[in-house]
Structure formats: structure tokens, C-alpha cells
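Written below as C-alpha cells is the structure these notes are about.
The values are calculated or read from the model by the stated rules, or taken from the named source; none is laboratory data. Owing to the predicted nature of the structure, the values given are computational and were not obtained by experimental measurement. Cβ: placed from backbone, ideal geometry, glycine included. Neighbour counts: every protein chain shown. Remember, those area values only see protein heavy atoms, side chains included, never the ligands or the DNA or RNA. Shrake-Rupley method; radii C 1.70, N 1.55, O 1.52, S 1.80 Å.
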Amino acid sequence: MRVRSLGVAVLLVVVVWVSNGVVANGQSSALVKVTPLGSHAGELCRNDRALLFEDPTGVRILYDPGRTVDETDGRLGDVHVMLLSHAHTDHIGDTRANIGGGTCAAPAAGAANANTNFASIAAAKNAAVLAPGELSGYLSRKIQNIRGAAPAACPEGGLDNIFDVPLAAPCTASLRPGGSRTVRRGGSGSAGVRIAAVQAIHSNGVPAALVDTPGEAPGLSGYGGSEAGFVIAFTNGLVAYLTGDTGMFGDMETIISRYYHPNLVVLNMSDTVTLGPNEAIFMMKTLVRPRSVMPSHVNEQATSGGTIRGGTRVDLFQLFVRDYVDVVVPVSDVTRSFDGSGRCVGCR
Ligand SMILES: [Zn+2]
Ligand SMILES: [Zn+2]
């Protein structure tokens, strides 16, 4: 009898907990959709970086399109906000997408795009461009090259630096560590998605081939200021930490983990210029302890038939962290759904 009473009580609590789609801690039970836009459908391949996030309110955010998506890509749909971690070619996109071209291990490049895939998408989609360092002015010029007019500065209302989407024309703005902006779809009174910039340790040279005249001296790249990562707080409670290209730093534990509390990490993990798999393992075990991690930017053919290949960096990584964190492999064109706790719903 006592057990049955307890069962009824638990049931009542659950009913109250999820009523109106809002859980007891104020978080929504709605899901955030994350769609990788890579070079080969169903696989995680060498060049894959681009992720498209969709908040339950409909705000759509494209992160680092790179070489696998451009403005002609039918996978994009609406894009309200674009985030660029830094200006390197594999993130800003110096060559157009060539979907399915070449192999997953060695994707074939499309035609050169001197205005960058990033700016081409922003110009076509009327997106709000948020970029660290000195990149917002650079990207503004690229968008002007395409549209014939310079984009406006993105609005920033109130104490939360709010702006509403969709926009009627692209805009650009800086977002540097410590700063944040909130994007809202649904107007006054509706919940917003808060996007903050955080430190990354890497570099941020603008490739000389993408610098307009008079150009750079041979061997030099343009000054792009500082690189960054991002923390996106979605309206359902999901907090995604996008590392950008970076090495380890102690403030992953202090500022990023203790202040922002990410429950999903998109971890740029590769070889000689970002976190290697052993460093990434330490990061997951010690510095940031999310519910889920998406290994990205892996610079290898990580999967075959959508399954992790043995002997790859991603395989090494997942073998050592899977007891601590759910490893969600971002295979191209497969939309994943995350709840407010960082759990990938339907992934297992
Ligand atoms: Zn880089
Ligand atoms: Zn990179």
C-alpha cells in the first residue's frame, strides 16, 4: 500500500513537472534540433564543420559553414544568425561546396569563392553575422561586395542586447569574450536564445587569397584579431559550448564550465592545430563535464556507413570518454534532437 501511494505521488509529480511543456526548473521540454551539413550524407568526413541549430522558438543559427555548404544549398532553409569562430579557410569557406564529390577521406573542392561561403550565405539569407576579433568589419565588406551596399550594424536592445529575427537585410556585429547577444523570434515577451563568446587559443589570420586589394605581402595573412568559441543558451535549457579551434586552457573549467554550465559540447578535435584526442579526453574527464559531446572538425574519415571506424581519432576519443559522456557523432544530414539537460533524444 505504501509503495502504491508512492507510485501515485511520483505520477502526480511527473504530470505537474511537464505540464505546459515547462519542467519544474523553468526549462521547456521542447527540443533543439542540430543538423550537421557535411560533404557526404550519413558520414562524418574530413572537411565537416558546419552545424545548423534550431531552437524550439524557430531561431535558426548556422555555425562555421566552411567548405561543405554555400548559399545555393537546399539543406539550409532559413538562417537567422551566423557564427564564425575564426577566418581560416576550413571555417569561413574559401571553396564552394561539392556535395558528394571525392571521398569522405578526401572530399573534392568546389570552385573558389573569393567572397567566402560565409558571406555569400549571410547575404542571401539576410542573416545576423556575429563574429569575434576584427572580423565583423571584414565580413561586412564581403557582404557589400555581393549586395552592393554595406550591411547595417545588428541592433542590440535592452540589458540583454536583444535583436529580433527574421531580418529584412543582413547585419553584422562583433561578439567578443565576455559579451553576449540575445536573438528572439516571436517579438516582445517571447523567450530568446542567448549567444556568448568565450576564449579560444588558436590563431585568426585572414587567408591572403581572401583579402581584397591591395592585399597582403607574400607569406602574410590579414589581421583578424582574436579567435573565439561560443556558448549558446537555448530556450529549452540546452547550453551548447562550441569550442571553435582551440587548445586546452584552464578557464574551460572555471569560466566556461562553472559560469555557463554547458550540457552539450561541440568539440573541435583533430590533430596538429587543435585539441588532439588525448587532450580532448582530458578535457571531457576533468575540465568540462557535459551530458553529451559531438566530436567535430576531425580531419579524417571518422565513419563508414555512419559507424565509427576503428583506429580513427574519434574511435580513440569515444573509447575513453563514453563512460563519462554521451558521444553523439555528427554525421551529415542527420538531425539530432537535444532536450534541456543535454540528452540526445532518440540517439540510443
Ligand atoms: Zn583554424
Ligand atoms: Zn579549423
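Descriptive notes on the structure:
- Any hit, segment 175-188, residues being touching a helix residue (DSSP H, G or I) at 6+ places or on another chain (Cβ under 9 Å), closer than 17 Å to Val231 by Cβ and open to solvent by less than 20 Å² (accessible area, probe 1.4 Å): yes
- Tabulated pairs, segment 86-103, first assigned to a helix (DSSP H, G or I), second charged (D, E, K, R), C-beta under 7 angstrom, 6+ apart or interchain: Asp90/Arg49; Asp90/Arg67; His91/Arg49; His91/Asp64
- Boolean, Gly66 is of a type in the set (Gly, Ala, Ser), assigned to a loop (DSSP other than H, G, I, E, B) and open to solvent by less than 10 Å² (accessible area, probe 1.4 Å): yes
- Filtering segment 114-149 to residues that are small (Gly, Ala, Ser) and in contact with a Ser or Thr (Cβ under 6 Å, 6 or more places away or on another chain) leaves Gly133, Ser136, Ser140.
- Residues being within 16 Å of ligand 2 (Cβ to nearest atom) and either surrounded by fewer than 17 Cβ atoms within 10 Å (Cβ to Cβ) or of a type in the set (Val, Ile, Thr) (or both) - total across segment 98-107: 0
- Single residue of Thr89, Thr172, Thr95 found to be within 16 Å of ligand 2 (Cβ to nearest atom), open to solvent by less than 40 Å² (accessible area, probe 1.4 Å) and out of contact with any Gly (no Cβ under 6 Å at 6 or more places or on another chain): Thr89
- Entry remark, segment 263-273: residues being closer than 11 Å to Ser296 by Cα and within 16 Å of ligand 2 (Cβ to nearest atom) number 5 in total.
- Checking each residue in segment 148-172 for being more than 23 Å from the chain's Cα centre (by Cα) and not in a loop (DSSP other than H, G, I, E, B) picks out Ala152, Gly157.
- Verdict on Gly110 being in contact with an Asp or Glu (Cβ under 9 Å, 6 or more places away or on another chain), open to solvent by less than 20 Å² (accessible area, probe 1.4 Å) and in a loop (DSSP other than H, G, I, E, B): no
- In the condition set (1) away from ligand 2 (no atom under 16 Å from the Cβ); (2) closer than 19 Å to Gly342 by Cα, Pro295 is compliant with all but (1).
- When we screen Gly247, Gly222, Gly229 for residues that are surrounded by fewer than 22 Cβ atoms within 10 Å (Cβ to Cβ) and closer than 11 Å to Ile201 by Cα, the only hit is Gly247.
- If you go through segment 114-127 and keep only what is open to solvent by less than 10 Å² (accessible area, probe 1.4 Å) and part of a loop (DSSP other than H, G, I, E, B), you end up with Thr116, Ala127.
- Single residue of Leu52, Leu76, Leu130 found to be more than 16 Å from ligand 1 (Cβ to nearest atom), under 17 Å from the mean Cα position of the chain (by Cα), modelled with pLDDT of 95 or more and crowded, with 24+ Cβ neighbours inside 10 Å: Leu130
- Criterion (in contact (Cβ under 8 Å) with a residue 12 or more places away in the chain, open to solvent by 60 Å² or more (accessible area, probe 1.4 Å) and away from ligand 2 (no atom under 16 Å from the Cβ)) met by exactly one of Ile146, Ile201, Ile162: Ile146
- Residues in segment 173-193 that are in a loop (DSSP other than H, G, I, E, B) and among the aliphatic types (A, V, I, L, M): Leu175, Ala191.
- Some residue of segment 299-321 being aromatic (Phe, Trp, Tyr) and open to solvent by 10 Å² or more (accessible area, probe 1.4 Å): yes
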